[in-house]
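The values are calculated or read from the model by the stated rules, or taken from the named source; none is laboratory data. All values reported here derive from a predicted model rather than from experimental measurement. With ideal geometry, Cβ positions are generated from the backbone for all residues, glycine too; neighbour counts draw on all protein chains shown. Just so you know, the surface numbers come from the protein's heavy atoms only, side chains and all, with ligands and any DNA or RNA stripped out. Shrake-Rupley method; radii C 1.70, N 1.55, O 1.52, S 1.80 Å.
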Amino acid sequence: LVSPTHNWRLGDGTSGTVTTAADTGSGSALPLTGHSGASWTNGDLFSPAVAFNGSSGYLSTASQAVNTTGNWSISAWVKPATLGGIVLSEYGTEASCLRIAINATTTNGVTTGSWRLATTNADSASATSTEATAGDTYNVRVGVWTHLTATYDASADFLRLYVDGVPAASVSTTAVWSSGCNTFAVGQWMSAGDHIGGYFDGKIADVQAWNGTALNPTEAATLSGTPGYVLFPSNSHQYGS
């Protein structure tokens, strides 16, 4: 696999509030800073990992992780405790240029969660989003670790979201911006109009970012380690296992 530009394993500490998380990627180091409500946790599949309280906890960088006008990919292992919240985002002063989120929907008294990848067209209070939402086959499972990978191919203007290595949602878009999109965050976002929120409730581990690279389906499947299908590398065709 292509080495990630930024690699936050989120295994730096064993207890207490997260103060900082190291970046061991191939690019210039961009450590994450912890905010109250994000703490180290142990004894799970990823031990340590970071637990987010759903009301104030998040991690953020001091500068941009990926340039969203070019190719990029981001990924993380995620274990939600509730159906809602932002997994990863990057934002400016008025809006987020990208985000991976859980979208909760209630139908006939039953609430389900969908994984959603989105970009916006401007750092503006009136920014509009282009969104790719995974279907019911990939509904969010509370209390279960899931691997998410998002990619953007700038030459094709194409967003794609993988769930456990499987292409689960995609959309064509030219709604991207980068200048001023200078904060990468884990566990929250900035909605249009300078509103910080969407705090994630659950655990996150092994966050990675590739600046300038859109991972292909074979790479995304390999990265997840749990593709759930046989993939032919010659043409990236997938057959259910």
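The mean sequence distance of close C-alpha pairs (under 8 Å, at least 6 residues apart), as a share of the length of segment 73-205, puts its relative contact order at 36 percent.
Dividing the C-alpha radius of gyration of segment 1-143 by 2.2 N^0.38 Å, with N its residue count, gives 1.11.
Solvent-accessible surface of segment 1-139, taken per residue with a 1.4 Å probe and all protein chains present: 40 Å².
Convex hull volume of the Cα atoms of segment 86-142, normalised per residue: 93 Å³. Per the Cα gyration tensor, the chain maps to an equivalent ellipsoid with semi-axes of 23, 21, 20 Å, ordered largest to smallest. In segment 158-219 the Cα-Cα distances spread across 10 Å bins starting at 0 as 14, 40, 43, 4 percent of all pairs.
Calculate the length of the line joining the C-alpha centroid of segment 54-133 to that of segment 155-178, in whole Å. Centre-to-centre distance over Cα atoms comes out at 13 Å. Of the solvent-accessible surface of segment 1-148, computed with a 1.4 Å probe and all protein chains present, 46% belongs to carbon and sulfur. Each residue, residue 139 and residue 108, gets one label point 7 Å from its Cα in the Cβ direction; the gap between the two is 1.1 nm.
Each of residue 156 and residue 29 was given a label point 7 Å from its Cα along the Cα-to-Cβ line. The distance between the two points is 3.7 nm. Only protein heavy atoms count here; under a 1.4 Å probe, residue 189 has an accessible surface of about 60 Å².
Per-residue ellipticity at 222 nm from helix content only, as computed over the chain with -39500 (n - 2.57) for each DSSP H run of at least four residues, stands at -1000 deg cm²/dmol.
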